[in-house]
1. Taking into account only those residues within region 4-55 that are among the polar types (S, T, N, Q) and more than 16 Å from the ligand (Cβ to nearest atom), which is surrounded by the fewest Cβ atoms within 10 Å (Cβ to Cβ)?
2. What's the number of the condition Leu66 fails, among (1) out of contact with any helix residue (DSSP H, G or I) (no Cβ under 6 Å at 6 or more places or on another chain); (2) of a type outside the set (Val, Ile, Thr); (3) under 18 Å from Val108 (Cβ atoms)?
3. Of all residues in region 64-73, which are buried (at least 19 other Cβ atoms within 10 Å of the Cβ) and either out of contact with any Leu (no Cβ under 9 Å at 6 or more places or on another chain) or within 30 Å of Asn88 (Cβ to Cβ) (or both)?
4. Without any contact (Cβ under 8 Å) to a residue 24 or more places away in the chain and touching an Asp or Glu at 6+ places or on another chain (Cβ under 6 Å), is that true of Phe239?
5. Enumerate the pairs (first residue in region 88-107 and under 25 Å from Thr51 (Cα atoms) and modelled with pLDDT of 90 or more; second residue anywhere and part of a helix (DSSP H, G or I) and among the small types (Gly, Ala, Ser)) with beta-carbon separation below 9 Å, excluding pairs fewer than 6 apart on the same chain, so at least 6 apart or on different chains.
6. Here are some residues: Ile77, Ile110, Ile104. Which one is away from the ligand (no atom under 16 Å from the Cβ), exposed (fewer than 14 other Cβ atoms within 10 Å of the Cβ) and hydrophobic (A, V, I, L, M, F, W, C)?
7. With respect to the numbered conditions (1) assigned to a loop (DSSP other than H, G, I, E, B); (2) away from the ligand (no atom under 16 Å from the Cβ), which one is the sole condition not fulfilled by Tyr85?
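The values are calculated or read from the model by the stated rules, or taken from the named source; none is laboratory data. Because the structure is predicted, anything quoted here is derived from the model rather than measured. So basically every Cβ, Gly included, is an ideal-geometry build from the backbone, and we count neighbours across all protein chains shown.
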Amino acid sequence: MEVMVVDVYILLGLNRKEYLIMKTTKEKGVIEVELISNKKKVRCSNCNKFTDSVHSKLKPIRSVYLDSCGEKVNVIIHKRRFHCYNCNKIFTEEMNLNTKNGSISNKVKIQIRKDLLDYNMTIDKIAAKNHISKYIVRKELEEAASIIPDYQKNLPKVISFDEFKADTKAGKYAFILNDPIHRKVLDILPSRKKERLIQYFTHTENRRSVEYIISDMYKPYLLIQQIMFPHAKYVVDKFHYTRYILQALDKIRIRLQKDDNVKIKMYILAKITM
Ligand SMILES: [Zn+2]
């Protein structure tokens, strides 16, 4: 079944100046749109000079496009390879339509990211809505999660470490990274283990400009400071320090009370001074 070509540009949000739709068909509920670039000359991917010398044509790539009125749409992209007069390089033209591996269009990729942010959407629902496999949705989720956020790359000059009981798969304590000056929680990690934290802070670009790390006396934190933040001072916060001293004093008091010799000496001492 042939579909009117005139409407397809508007329907798919494609610019007439950039793309030429060669054929549109609808088979078994799937709309397929075959297109090529409208550009006569392109910029070389190597030296950025224009060239109009077509070297060859690539095998067409089929990519899932945005759902249109509840119908699945595929774009079949015909790409050309160009020869650059200036640097002699042979390169494939960039059409800004599909992702690197080609199976989905850029617009679908953006739509998946938007859907992933929606709490009501499950992976199954996103896959069905966008006419793609669950595998693609999972891949997008992994890719989005692997992007290193700014707060991890650039830490403030003063940071503090703490933990809370969480019982995650990774351990019994979760790790909290804070900005104590601005009273902000920067991040929460499922584990406070040294290896995990080293891996985490490897992505911090300004480690050498962190000046203070405030924390308790948990030894791995001190090691993290020494290994990952060589210019920072390790500061034990008041609360943990006082508690530590009081616990130490208690231990001595209990030990002395158990010791009979000490009891007698204290008794004599008390008698003399009285
Ligand atoms: Zn070139």
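1. From region 4-55, those among the polar types (S, T, N, Q) are 15, 24-25, 37-38, 45-46, 48, 51, 53; that's our starting set.
Next, only the ones that are more than 16 Å from the ligand (Cβ to nearest atom) stay: 15, 24-25, 37-38.
Working: Asn15: 8, Thr24: 20, Thr25: 14, Ser37: 18, Asn38: 12.
Top of the filtered list is Asn15.
2. Unmet for Leu66, out of (1) out of contact with any helix residue (DSSP H, G or I) (no Cβ under 6 Å at 6 or more places or on another chain); (2) of a type outside the set (Val, Ile, Thr); (3) under 18 Å from Val108 (Cβ atoms): (1).
3. Val64
4. On the way: without any contact (Cβ under 8 Å) to a residue 24 or more places away in the chain: yes; touching an Asp or Glu at 6+ places or on another chain (Cβ under 6 Å): no.
For Phe239, the condition - without any contact (Cβ under 8 Å) to a residue 24 or more places away in the chain and touching an Asp or Glu at 6+ places or on another chain (Cβ under 6 Å) - is not met.
5. Listed by first residue and then by second, the contacts come to nothing, as the list is empty.
6. Values: Ile77 fails: exposed (fewer than 14 other Cβ atoms within 10 Å of the Cβ); Ile104 fails: exposed (fewer than 14 other Cβ atoms within 10 Å of the Cβ).
Answer to the selection: Ile110.
7. (2)
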